[in-house]
Each structure stands twice: as structure tokens, then as C-alpha cells.
């Protein structure tokens, strides 16, 4: 098993490649599309670096895995799939998120809330085979109702891709103030992750390093239990919920939440072009934030 991590600097997001190098098979977790909010222009510079790496290794892309419908970047799943193939994987509880945001964006009846935009839907305990690697889904709601972590195991080791549930120990945990989020539920989900073997390496979706520290894509379970500023050992559920809710009340909305969510709940698809050939995204007024 090999894991290669690529930092998308603009959104501080990690895209990970999980590979069985003996059988030349791989999965890409949380691919990022470049999006300039000021101009509304997209680009594929970041994900093309990932594509070039996969092609250079001669690997076949089997799965494109989204840990959840991200609110801070747009998914590059469609460009990745069109270029390298692969099946798009999402947790089955995405249907709850689709229903919530269909109302927020007032999408018409053509928008599907049955998750049929995705190829494979996973739930707690479901497994995917990637050569000799077994990928097991763990439902970790709280940040959103649909967050999934994915545990990858082979004969040598186990790693877990945690999405936005946990960040580096000096950064803490995901916010829970988006529609459908819940701090108590997040605490319980984190305890599931922290119950894994202490030497298990967690691959993070984001890193927002404190001053003087470089970006890092990983942390061990032991490091999280000992040092995570929000949920280290000794912090109980009530304390966590109070901290998380108080902190969330002070946070601004993510810079790209408005374009990101409406694209990502549709598996990375943009709306169909209108009569003039241009695609348009919707901006709900006075809905997000305080």
C-alpha cells in the first residue's frame, strides 16, 4: 500500500492517492477543482498534477472517493473521471444533504435527491476492494450528516482517510454549524476514529497549520488522543459540545461555500448551460451565516 498526498494551496485541501502498487490500481480521495470566486472561472491545474502522477505510475484509477459534500472547495471528480475513468463513491447519507440544500437553493424538480449522480454509495461497514487493499466505510456524521471515513487495510498496515471530521492536533476538529451538522454527533463520530489502533495513520482532508509549522497531511491516532486541542483524552462530550458551538458561532462562512455545495451535492456537475451557452450558479441571499 502506498499513499501520496497533494496539497491544493488555495483551499489548503489534501487530495490523496491510495495505491496497490503490485497490481497497479489506485483510488483518489477528495479531488479539488480550481475555482476563482472573483471571476467565476474554473481550472484544472491542481487536479492535473494528480492525473499526471497516476499516469506516470501506470496505475488504473478504480475509485474516486468523496468523504462528504465539501463546503470549502469544488470537486474535480468529473474532470478526473472523464480523464482517467473510475467509479465515483459517496456515503449513502448524501441524500439527506441533497434534500436540505435542494430547498436552500430552491432547485427545481429535475434535481435528484436519491444520490443517483454517484456510482457507488457506501454505508457503515461496507467494503470496496482495491487489489489487495480493503477499503472499509465508517459513517462519521456531525460536520454533515453524510461524512464518511475510509479505512484502508492490507497485509502490512492500516490507514484511515478522515475527511473533515478531524484536523491536525494543533488545529482541532470540524465545524458543525452547517445545515444538518451537530456537535454532539461529531464528538461521538470522533470517538469511533480514536478507538482505532493508536499507530493508525490518519490522512487529513485539510491542514491549517499554526505559525511556524509546515502543512502536513497526516497524524496518528495516538497523537490525536494525546494532543488534539478539541478532543484529546480528558475532554468529555459536554465540554466538547460547549466549545464547538461557542466557537462555531464566531466563524465566518467558508469563502467558497455558495458555489461548492450546489456543485458537490450533484457529484461535481455544474448546472446545464442556459440558452446562451453559459452555466450559472445560484446565490441565496441572507441564508448562510449570521
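None of the figures in this text is laboratory data; all of them are computed from the coordinates on show. Just so it is clear, the structure is predicted and the values come from calculations on it, not from any experiment. Heads up, the Cβs are rebuilt from the backbone with ideal geometry, glycines too, and the neighbour counts pull from every protein chain shown.
Below, the figures for the structure above:
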| quantity | calculated |
| --- | --- |
| Packing rank of 180-188, 23-31, 4-12, 159-167, where each peptide gets the mean count of other beta carbons within 10 Å, highest leading | 159-167, 23-31, 180-188, 4-12 |
| Relative contact order computed over segment 2-256 (Cα-Cα under 8 Å; 6+ residues apart), in percent | 15 percent |
| Residue 154 versus residue 111: modelled label distance in nm, points set 7 Å from Cα along the beta carbon direction | 4.1 nm |
| Separation between Cα centres of segment 143-196 and segment 217-256, rounded to whole Å | 11 Å |
| Mean residue ellipticity (222 nm) of the chain, computed from DSSP H runs ≥ 4 via -39,500 (n - 2.57), nearest 500 | -7500 deg cm²/dmol |
| Rounded to 5, the percent of DSSP beta bridges in the chain classed as antiparallel | 70 percent |
| Fewest-first sequence of 112, 279, 41, 175 by Cβ atoms within 10 Å of each Cβ | 41, 279, 112, 175 |
| For semi-axes √(5λ) of the Cα gyration tensor in Å, calculated from these coordinates, the label among (i) 24, 22, 20; (ii) 27, 25, 18; (iii) 32, 21, 19 | (ii) |
| Footprinting exposure proxy for 75, 116 (fewest neighbouring C-beta atoms within 10 Å first) | 116, 75 |
